[in-house]
Amino acid sequence: MRKALVASSLLALLLGGCASNPADRDVSGTWINQVAIDAAAKGGPLREALQSFGPNLEWEVNTKASQARYYNGFEVAEGKLLGEKSGAWSVDFYGSSATELKRKGKQLLQGANDNEPEQLFARPKEPAPEGAPLGANFERALYAAYMGGDWKILDGFGSGAIVQFQANGKVAGLPNVDQYSLCLAGDCASMSGGYDSIWLQLNGQGNPWIFVRKGKQLEIFQAINTAQADEVPQFTPGPRQWLLEKQ
């Protein structure tokens, strides 16, 4: 009987230890806004999905150094971890309300405050190369989900060709284009108004373009600047350059 009680006590301790596993409360490392990526991957407007589930797109947390940073599509904000209380970490950003971070299962939960809504983040499935800037993990995952696969040019220069937009920003098959970058937020978003925009370049030289995503179809338009020479550029869709369809 005594042996049975001892065994039961040991089992309870082991189970208790599993339930309070420090790894389950660890907020350290890189986290991306997978919810926003999943919403965009449905094939609708990109910035609409990012605005609905943003604004923050990637977190990098270092509890040992008491540091936390986030990327929102156009800038990086650096904060200081003030400490942990009941599994929640408070992050102080100069000039704004403190942000609370804590684990929610396998995800990272950013609590709502006066400036931002509640958001959920996940570990990147395919981390960016070591040394990549903050935001690279989110962008790689977004590019793979939103632009990945084979696209056929239905209309425009190169009609019939198969195009691939790669997760690292490279392009194959689109005439006179070898790299691309999606506009997530910031100045490029302000200049394109309510339209989604994409930067297309060849050999380091490029221009902004307007695009419209509707399910499996992707239209790319010339970006016409309607502003005066001394004003901030304002782009609107011009003639359509390409119509692509995801295969």
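Exactly one residue out of LEU120, LEU134 is in contact (Cβ under 8 Å) with a residue 60 or more places away in the chain, not hydroxyl-bearing (Ser, Thr, Tyr) and not in a strand (DSSP E or B): that is LEU134.
Tell me, please, whether a residue that is over 24 Å from ILE198 (Cβ atoms) and either at pLDDT below 95 or within 12 Å of the chain's Cα centre (by Cα) (or both) can be found in the range 129-145. Talk me through it step by step, then tell me what you get.
Going residue by residue through the range 129-145, those that are over 24 Å from ILE198 (Cβ atoms) are 130-131.
Those still in the list that are either at pLDDT below 95 or within 12 Å of the chain's Cα centre (by Cα) (or both) too: 130-131.
The answer is yes; a qualifying residue exists.
Candidates in the range 162-200 are the residues that are farther than 21 Å from ALA141 by Cα and of a type in the set (S, T, N, Q); of these, the one that is surrounded by the most Cβ atoms within 10 Å (Cβ to Cβ) is SER192. Only one entry in ASN203, ASN207 is under 23 Å from the mean Cα position of the chain (by Cα) and exposed (fewer than 14 other Cβ atoms within 10 Å of the Cβ), namely ASN207. Would you confirm whether or not the range 37-58 contains a residue that is out of contact with any helix residue (DSSP H, G or I) (no Cβ under 6 Å at 6 or more places or on another chain) and among the β-branched types (Val, Ile, Thr)? The answer is no; no qualifying residue exists.
Checking the conditions here, which among LEU50, LEU109 is assigned by TED's automatic domain parsing to the domain that holds GLN34, at pLDDT 95 or above, of a type outside the set (Lys, Arg) and not in a strand (DSSP E or B)? Even if it seems obvious, please write down each step before you answer.
Working: LEU109 fails: not in a strand (DSSP E or B).
Every option except LEU50 fails the conditions.
Tell me, which strands (runs of 3 or more DSSP E) wholly within the range 158-212 include 1 or more residues that are in contact (Cβ under 8 Å) with a residue 24 or more places away in the chain, under 17 Å from THR236 (Cα atoms) and touching a helix residue (DSSP H, G or I) at 6+ places or on another chain (Cβ under 9 Å)?
Numbers: elements: 162-165, 179-182, 196-202.
Where strands (runs of 3 or more DSSP E) fall fully within the range 158-212 and carry at least 1 residues being in contact (Cβ under 8 Å) with a residue 24 or more places away in the chain, under 17 Å from THR236 (Cα atoms) and touching a helix residue (DSSP H, G or I) at 6+ places or on another chain (Cβ under 9 Å), they are 179-182, 196-202.
Within the range 226-241, the set of residues being in contact with a Ser or Thr (Cβ under 8 Å, 6 or more places away or on another chain) and assigned to a strand (DSSP E or B) comprises PHE235, THR236.
The residue list GLU78, GLU48, GLU58 contains one member that is under 19 Å from ASN115 (Cβ atoms) and surrounded by fewer than 20 Cβ atoms within 10 Å (Cβ to Cβ), which is GLU78.
Of the residues screened, ALA88 is not one that is within 30 Å of SER192 (Cβ to Cβ) and either surrounded by fewer than 17 Cβ atoms within 10 Å (Cβ to Cβ) or within 20 Å of the chain's Cα centre (by Cα) (or both).
Here SER97 meets the list (1) modelled with pLDDT of 95 or more; (2) surrounded by fewer than 18 Cβ atoms within 10 Å (Cβ to Cβ) almost entirely, failing just condition (1).
Considering the range 210-224, the residues that are surrounded by 15 or more Cβ atoms within 10 Å (Cβ to Cβ) and farther than 14 Å from MET147 by Cα include one that is nearest to the chain's Cα centre (by Cα), namely ILE210.
Being out of contact with any Pro (no Cβ under 7 Å at 6 or more places or on another chain), assigned to a helix (DSSP H, G or I) and under 21 Å from THR30 (Cβ atoms) is the filter here; which residues of the range 137-157 pass it? Hits for the range 137-157 are PHE138, GLU139, ARG140, LEU142, TYR143, ALA144, ALA145, TYR146.
The values are calculated or read from the model by the stated rules, or taken from the named source; none is laboratory data. Keep in mind that this is a model prediction, so the values were computed, not measured. Neighbour counts are summed over all protein chains in view; Cβ atoms, including those assigned to glycine, are modelled from backbone coordinates with ideal geometry.
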